[in-house]
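Structure, as structure tokens:
The values are calculated or read from the model by the stated rules, or taken from the named source; none is laboratory data. None of the values given here were measured: they were computed from a predicted structure. All Cβ positions, even for glycine, are placed from backbone atoms using ideal geometry, and neighbour counts span all protein chains on display. Just so you know, the surface numbers come from the protein's heavy atoms only, side chains and all, with ligands and any DNA or RNA stripped out. Shrake-Rupley method; radii C 1.70, N 1.55, O 1.52, S 1.80 Å.
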Amino acid sequence: MSRAKFIPLPGYAELPEEEMKRRAEAFYLEMARRRTVREFSSRPVSRDVIENCIRTAGTAPSGANLQPWKFVVVSDAVMRKRIRIGAEEEEREFYSHRAPKEWLEALEPLGTDHDKPFLETAPILIAVFGEMYGTGKDGSKRKHYYTVESVGLATGLLIGAVHQAGLVALTHTPSPMKFLNTILGRPENERPFLLLVVGYPADGVQVPDISRKSLKEIAEFV
Ligand code: IYR
């Protein structure tokens, strides 16, 4: 017998087509304004805002609805300094040895290097982890499905929520990221996915002059 239980779709109300078009365009224009920022103000951000952004992330679809994510919000300055030291150690290796020439060339338009001052300047770092498996109360392992995809979807919503709230963010992926487990004391079933740096932009911040692909380039209608 199926153990599935169903309820009416909560809060659904069909929109008139014109309204739908307006909203789709307005949402696109809002999201198109989002830019990754690499210079942050040290101004603190409201914890309520961060909590709601993470609630939003937690609404993402996930494999078998197992919600295999964990968001560790770091505001403590000592912790942020330790994360900066850990990240810069990896990044120094990356930029000087590990990255092939082709990769470094691809990064040139972004103007990045091993120096990551934003990890200390920005008020909030959200370390996003994927739970590669779940653990029951008795310590038993539970298989998770599509963990990376699920966490990617949740992170996308998180980035959208941060933007919608009027803050800016940077998706930072020091590689490898295992040092985050050590610094943040995370269990071995949690694999770091990325570090989302969140805050207000620094005064007069500039962003790379790069563009997005057009609809034609990213979509096919068949
Ligand atoms: N993790 C490095 C390098 C880097 C890699 C990619 I792919 C980017 O889109 C940006 C940076 C860094 O954060 O500098």
So, A87, is that one in a helix (DSSP H, G or I) and open to solvent by less than 30 Å² (accessible area, probe 1.4 Å) or not?
yes
Pairing a residue in segment 146-164 that is under 21 Å from L66 (Cα atoms) with any residue that is among the β-branched types (V, I, T) and part of a helix (DSSP H, G or I), where Cβ atoms lie under 8 Å and the two sit 6 or more apart in sequence or on different chains, gives L157/T56; L158/I54; L158/T56
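Go through V198, V162, V205, V151 for me and flag whichever is assigned to a strand (DSSP E or B), open to solvent by less than 70 Å² (accessible area, probe 1.4 Å) and either more than 14 Å from the ligand (Cβ to nearest atom) or touching a Phe, Trp or Tyr at 6+ places or on another chain (Cβ under 7 Å) (or both). Write out each step before concluding.
Values: V162 fails: assigned to a strand (DSSP E or B); V205 fails: assigned to a strand (DSSP E or B); V151 fails: assigned to a strand (DSSP E or B).
Of the residues listed, the single one that is assigned to a strand (DSSP E or B), open to solvent by less than 70 Å² (accessible area, probe 1.4 Å) and either more than 14 Å from the ligand (Cβ to nearest atom) or touching a Phe, Trp or Tyr at 6+ places or on another chain (Cβ under 7 Å) (or both) is V198.
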Please go through segment 39-82 and pick out each residue that is among the hydrophobic types (A, V, I, L, M, F, W, C), part of a helix (DSSP H, G or I), under 14 Å from V162 (Cα atoms) and open to solvent by 30 Å² or more (accessible area, probe 1.4 Å).
V49, I54
Please find, within segment 176-195, the residue that is surrounded by the most Cβ atoms within 10 Å (Cβ to Cβ) out of those that are part of a helix (DSSP H, G or I) and of a type outside the set (F, W, Y).
L180
Filter segment 105-146 down to residues that are open to solvent by less than 50 Å² (accessible area, probe 1.4 Å), within 12 Å of the ligand (Cβ to nearest atom) and more than 16 Å from S75 (Cβ to Cβ), then give me how many there are.
3
Please indicate, with yes or no, whether at least one residue in segment 166-175 is away from the ligand (no atom under 16 Å from the Cβ), surrounded by 15 or more Cβ atoms within 10 Å (Cβ to Cβ) and within 21 Å of R82 (Cβ to Cβ).
no
